[in-house]
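> Below you'll find the structure I mean.
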Amino acid sequence: MHKITMLGAGLIGSFYTMTLHGHRGKDHVQVVCARNLNSARQFAEKFEIPKYTTDMDEAINDPETDVVVVGIPNYLHKEAVLKAIQAKKAVLCTKPLGRTAAEAKEMLEAAEKAGVFCGYLEDLVYTPKTLKSLESVKAGALGKILWVRSRETHPGPHSDWFWDKAQSGGGAIVDMGCHCIEIARNFIGKDICPVEVMCWGATQVHPIEAEDSAIGLVRYENGAIGQFEVSWTFRGGMDLRDEVSGTEGTIWLNHWLRTGIEMFTSVGQGGYVAEKMEGDTGWLYPVGDEVGSLGYVDMMSDMLDSLDAGKKPMETFYDGYIVNSIIDSAYRSIQSKKWEPVNLEIWRGRQGVEDVAKTVMYDEGHSLVKEEKMPNGKTKLILKNIKTGQIEQKILD
């Protein structure tokens, strides 16, 4: 059993606490810390938490807790994580790990130097659909992964600090692009090095300094591409979709807008429907198990089971550092309007990998471009003449 210090009493803190109290069954939040005392008190009453405070040091150093969960604004992540490390407590930090790669690197190195367990709370790589898809990919069902497209869009975040670039570190990219980037890394292979990024980002709707919309391409060393599409301008709820394409297959994932429950109401249901849902009248799509569908259950189980077993979880501070490094490159690309290299001071994956593109020989003089079955049952081969470079076709009975 773990007794936990929860830093943050907002939406994410609520999701984390619901998960911790409702699924492993043996863990409990012992103390909650929030910026506002009334918010902390209400949160503690709602989730039956014995202690509440506005003092981060008091919460982290509570003698009864052994795990600190960081679910507070981005600009406070480094301070909270370093204090938890100093207190020699296991620390789990919500995404993004830092506002920049430099912040993430400092947290990573501090945790590893102190020998403290650390986990990166990237829930969307833990959704049941994603975990099942990853099993198929790792089993070779899609062959070599060529392209992963990940999309997260909604009408914008709930809290004021998200909209302040100094506090958040950026806009939609740092808020949601971190999800998309890590999803693509998992499918492509986290041991494959991200090489460079091309990104467009702009403020299309909201009067803020940071971008409210962005599209980016991340090229990996083996030639695979990760694509992220993020926006705070999408109307109608939250759209979470992933597409994975390989040499031997394809996976399409739709995580949210169509949840399996469809309900129409002209008067409203009188309360919360689902995350980022814009209203409670008309056609609604409630969620049966919100924390399960969004990956929180499997994520927290992995974190605490790994802590108990003395092993690393699926998502670590190192992963958070890599994601922040890619995001830094995306922001540089927006300014330069060019491909920007991913600068990794720490890389622990493979060095020099085989490119995705591979020549398959048909005979001594030809490489195979494509093989397809025709309506008449015959097989058509598209071939390339090795000497001349000419493309030819051949029909087989």
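Read the figures in this text as sums done on the coordinates, not as results from a lab. Quantities reported herein were computed from a predicted structural model and do not represent experimental measurements. Please note: Cβ atoms are built from the backbone with ideal geometry, for glycine as well, and neighbour counts cover all protein chains shown.
> What FRET efficiency comes out for LYS88 versus ASN36 if R0 is 35 angstrom and r is the Cβ-Cβ distance? Round to the nearest 0.05. Mind dumping the intermediate values first?
Working: r = 29 Å, r/R0 = 0.82.
With R0 = 35 Å, the Cβ-Cβ based efficiency is 0.75.
> Residues with beta-carbon under 9 Å from that of VAL218, excluding VAL218: net charge, scoring Lys, Arg +1 and Asp, Glu -1?
Cβ neighbours under 9 Å give a net charge of +1.
> Consider a paramagnetic label point 7 Å from the Cα of TRP339 along Cα→Cβ; state which residues of region 215-239 have an amide N under 17 Å from it.
216-228
> Output the 0 to 90 degree angle, nearest 10, between the alpha-carbon long axis of helix 101-114 and the longest principal axis computed from the alpha carbons of the chain.
Taking the Cα atoms of the chain, the angle to 101-114 is about 70 degrees.
> Continuing with the same structure: Amide H of LEU121: which non-local residues (sequence gap of 5 or more, or other chain) have their own amide H closer than 5 Å, using H built in the peptide plane?
Distant-sequence amide H within range of LEU121: CYS93, THR94, LYS95.
> Also, I was wondering about something else. Once R0 is set to 41 Å, what does the formula 1/(1 + (r/R0)^6) return for the Cβ-Cβ distance between GLU278 and LEU76, expressed as a FRET efficiency to the nearest 0.05? Before the final figure, lay out the partial values.
Details: r = 28 Å, r/R0 = 0.69.
The formula returns an efficiency of 0.90 here.
> Could you please state, rounded to a whole Å, how far the C-alpha centre of region 172-234 is from the C-alpha centre of region 72-135?
Centre-to-centre (Cα) distance: 19 Å.
> Report the residues of region 91-129 in range of a label on ILE261: point 7 Å along Cα→C-beta, backbone N strictly under 20 Å from it.
Under 20 Å, as judged by backbone N against the label point of ILE261, lie 127-129 of region 91-129.
> Of (1) 78, 46, 39; (2) 76, 58, 43; (3) 64, 63, 49, which one was derived for Cα extents along the principal axes in Å from the structure shown?
Read-out from the structure maps to (2).
> Another question, then. How far apart, in nm, are two points set 7 Å out from the Cα along the Cα-to-Cβ line at TRP252 and at GLU112?
4.1
> Cβ under 12 Å from ASP363's Cβ, ASP363 left aside: what net charge do those residues give with Lys, Arg +1 and Asp, Glu -1? Can you show the working numbers first?
Numbers: positive: LYS384, LYS394; negative: GLU364, GLU392.
Charge balance in the 12 Å sphere: 0.
> Let me ask another. What ranking, highest mean first, results for peptides 34-41, 100-107, 240-247 when packing means the other Cβ atoms within 10 Å averaged over each residue?
Values: 34-41: 16.1, 100-107: 21.8, 240-247: 19.9.
Ranking the peptides 34-41, 100-107, 240-247 by packing returns 100-107, 240-247, 34-41.
> Still on this model: Enumerate the residues in region 190-209 having an amide nitrogen under 11 Å from the point lying 7 Å beyond the Cα of ARG219 toward its Cβ.
Zone members listed by number: 195-198.
> Using unit Cβ charges (K, R positive; D, E negative) and no other charged atoms, how large, in debye to the nearest 20, is the dipole of region 341-381 about its Cα centre? All intermediate terms of the calculation are to be shown ahead of the outcome.
Values: 7 positive and 7 negative charges, 47 e Å.
That gives region 341-381 a dipole magnitude of about 220 debye.
> Right, next: Local charge sum around LEU76 (other residues, Cβ-Cβ under 12 Å, Lys/Arg +1, Asp/Glu -1)?
On the way: positive: ARG35, LYS78, LYS83, ARG99; negative: GLU79, GLU103.
Local net charge: +2.
> Now, a different point. By the gyration tensor of its Cα atoms, with a ≥ b ≥ c the square roots of the eigenvalues, what is the shape of region 3-122: rounded for a/c under 1.5, prolate for a/b over b/c, or oblate?
Because a/c hits 1.5 or more and a/b exceeds b/c, region 3-122 counts as prolate.
> A follow-up question, please. Using a simple charge model, +1 on the beta-carbon of Lys and Arg, -1 on the beta-carbon of Asp and Glu, nothing else, what dipole does region 277-371 show about its Cα centre, in debye to the nearest 20? Can you show the working numbers first?
Details: 9 positive and 18 negative charges, 118 e Å.
With Lys and Arg at +1 and Asp and Glu at -1, about 560 debye.
> As I understand it, the dipole of the chain uses +1 on the Cβ of Lys and Arg and -1 on the Cβ of Asp and Glu, about the Cα centre. Which of VAL197, HIS158, SER14 lies farthest toward its positive end?
The residue sitting most towards the positive pole is VAL197.
> Same structure, new question: Under the Karplus relation 6.51 cos²θ - 1.76 cosθ + 1.60, θ = phi - 60°, what is the ordered set of whole-Hz ³J(HN,Hα) values for region 47-53, x standing for Gly and Pro?
Per residue, the Karplus-derived 3J(HN,Hα) values read 9, 6, 9, x, 10, 9, 6 Hz.
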